[in-house]
1. Specify the residue that is farthest from Ile148 (Cα to Cα); the eligible residues are those in the range 178-190 that are over 29 Å from the mean Cα position of the chain (by Cα) and loosely packed, with under 11 Cβ neighbours inside 10 Å.
2. Which of the residues that make up the range 464-482 are of a type in the set (Asp, Glu) and either crowded, with 24+ Cβ neighbours inside 10 Å or over 14 Å from Lys194 (Cβ atoms) (or both)?
3. Could you count how many residues in the range 217-237 are more than 17 Å from Gly449 (Cβ to Cβ) and crowded, with 16+ Cβ neighbours inside 10 Å?
4. Going through the range 397-411 one residue at a time, which ones are farther than 19 Å from Arg455 by Cα and touching a residue at least 40 places away in the same chain (Cβ under 8 Å)?
5. Has the range 379-398 got at least one residue that is surrounded by fewer than 18 Cβ atoms within 10 Å (Cβ to Cβ) and at pLDDT below 95?
6. Pairs needed: first member in the range 195-215, on the phi > 0 side of the Ramachandran plot; second member anywhere, assigned to a loop (DSSP other than H, G, I, E, B) and at pLDDT below 95; C-beta distance under 6 Å; at least 6 residues apart or different chains.
7. Among the listed residues Leu282, Leu251, Leu294, Leu288, which satisfies the condition of being assigned by TED's automatic domain parsing to the domain that holds Asp451, surrounded by 15 or more Cβ atoms within 10 Å (Cβ to Cβ) and farther than 25 Å from Asp393 by Cα?
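The values are calculated or read from the model by the stated rules, or taken from the named source; none is laboratory data. These numbers were taken from a predicted model, which means no experiment stands behind them. Here the Cβ positions follow ideal geometry from the backbone for every residue, glycine too, while neighbour counts run over all protein chains shown.
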Amino acid sequence: MTFKTQKLQLLAIIILLQLVSINGFSQSNNETNTLKEIIFKQDSLMFNAMFNTHDVNYVKNNITSDIEFYHDKGGKTGNNANDLIKTMERIWKKMDAGEKPWLRRELIEESFEVYPINNYGAMQVSDHKFYERQADGSELLVETAKIIHLWNEAEEGWKLEKILSYDHKPVNYFSFEINAALEQKIESWMKEYKVPAFSVGLINDGKITYSKTFGVQSNGEKATNNTVFKVASITKPVVATTVYKLVDMGLWDLDEPLHKYWIDSDIANDPRTKKLTTRLILNMQSGLPNWRHLSDSGKLAFIFNPGENVEYSGEGFEYLKKSIEAKFNRPLESIVQKMLFNKQDMDNIRFWWDDSMDESLYAGNYNANGEKYKTNKYKDALAAGNILATVDDYLKFGVHILEGADISNTSYTEMTTPQTFLFKDMVKYGYGWMSVKIESGDKILYHDGRDPGVRTIIQLYPESKQGLVIFANGDNGDKLYFELLKELSPNTKSFVDTLNEVRRIYKAEEKTKKQD
């Protein structure tokens, strides 16, 4: 059988299974949900035996005697259980001998779908990531793939009858690098977009590999890596990380109603205050607006019931701040200082213009025409924004997140997993972090900051241990850093492409609303 014939056979089987799944889809939603849980467990146990424990007995006992395995790169692997077992044992032997890297498969849970097949079993469709174990014990994402499994519900239990593994794509990591030519482009873009100071830092393999500040400060002196920028909303990931540290220590509960500690006077008579929790605030489901001063009344009010919708909210973070301060009877900034800044040697970062702030090092803030805004030396901390920092200090925070943030695996996974949709399936929000759908499928954590004369962004790629931090002190700063991201790597370019598409769709929808 030629490889072309095998590919056609694979395609025919995929189409046939999909038709069977549609025709056989007569079970209730409850039954399907239960079935999905069963198949999810079967899939997890099977791949654990194949890739992690190399448990040949488990594999033998949970596949049919006539199992077939189709692979888009390797073709058909045997015609029965013995052929598959022999193939797996050869691979395991090479792994044990160090001739082939150990692999670990990770299911992309949001892709997992199960379709019941009447009087037979079920079909599973899912996407997967494959990791190679490196010499130092770390893991590197090397491949993504799609898989279809046909499960037969036999008398003795569920057995795997067909495996179709296809659309295998290698993951090619591109080191984040800024060379002299790209530095010249940055300086040119700064002039074009009238951004006086621009600071950028890069992380590769979990280490800071580049940081540089371009341009001049507000006092006319050359900007350096000691130049301090206001970072606006990328304060939120800092606060969210600190909250998870409190949770891990047993000092805070994400689901405890916050009214026990704080109730804002503007909504004191609204019973919905009793539904506010940290989890809803961090997921942007608090029901509170972005800022009360933007409303006609200038007072805080719910715009929807907590948990019933998604709306970006700075007020939510301030509500959380007040609650934490009420419980611990100390300012939030002192908690963050002790639990995060001090431990990561972040020496030039602060929540407000305290006595240690050296104004001569401040970058300043400028409008789209390059005209300077009046400097607002605020004396109150905000949980939603306004941290003052150097790029080097904020890079340390990025490295800290890539290293696991000194919290449990359970907390880290939760904190870095998108929970709610901000815009269709293209932009999601998690616990203080946003995520954007990019072409490679790589996981990305990001947040940006916007204020008058402030444009900042942090991007982290946990799987490749890469990241970047950018500070700009002009209203056109995002246009500038978009130019840089388009040239830095395929992933950062895909990030820009996605956000541009989001903006295009949003503008089109808003135009349609006005016409209606």
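1. Among those that are over 29 Å from the mean Cα position of the chain (by Cα) and loosely packed, with under 11 Cβ neighbours inside 10 Å, it is Gln184.
2. Once the filter is applied, which keeps residues that are of a type in the set (Asp, Glu) and either crowded, with 24+ Cβ neighbours inside 10 Å or over 14 Å from Lys194 (Cβ atoms) (or both), the range 464-482 yields only Asp475.
3. Kept after step one, since they are more than 17 Å from Gly449 (Cβ to Cβ), are these residues of the range 217-237: 217-226.
Within this subset, residues satisfying the condition of being crowded, with 16+ Cβ neighbours inside 10 Å are 217-218, 223.
Count: 3.
4. Across the range 397-411, the qualifying residues are Val399, His400, Ile401, Leu402, Glu403, Ala405, Asp406, Ile407, Ser408, Ser411.
5. Looking for residues that are surrounded by fewer than 18 Cβ atoms within 10 Å (Cβ to Cβ) and at pLDDT below 95, one finds at least one in the range 379-398, hence yes.
6. Going by the 6 Å Cβ cut-off, the qualifying pairs are Asp205/Lys465; Gly206/Lys465.
7. Leu288
Here is a yes/no grid of residues against (1) in a helix (DSSP H, G or I); (2) at pLDDT 95 or above:
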position	(1), (2)
Ser211	no, yes
Ser218	no, no
Asn226	no, yes
Thr235	yes, yes
Thr241	yes, yes
Tyr244	yes, yes
Gly250	no, yes
Asp253	no, yes
Trp262	no, yes
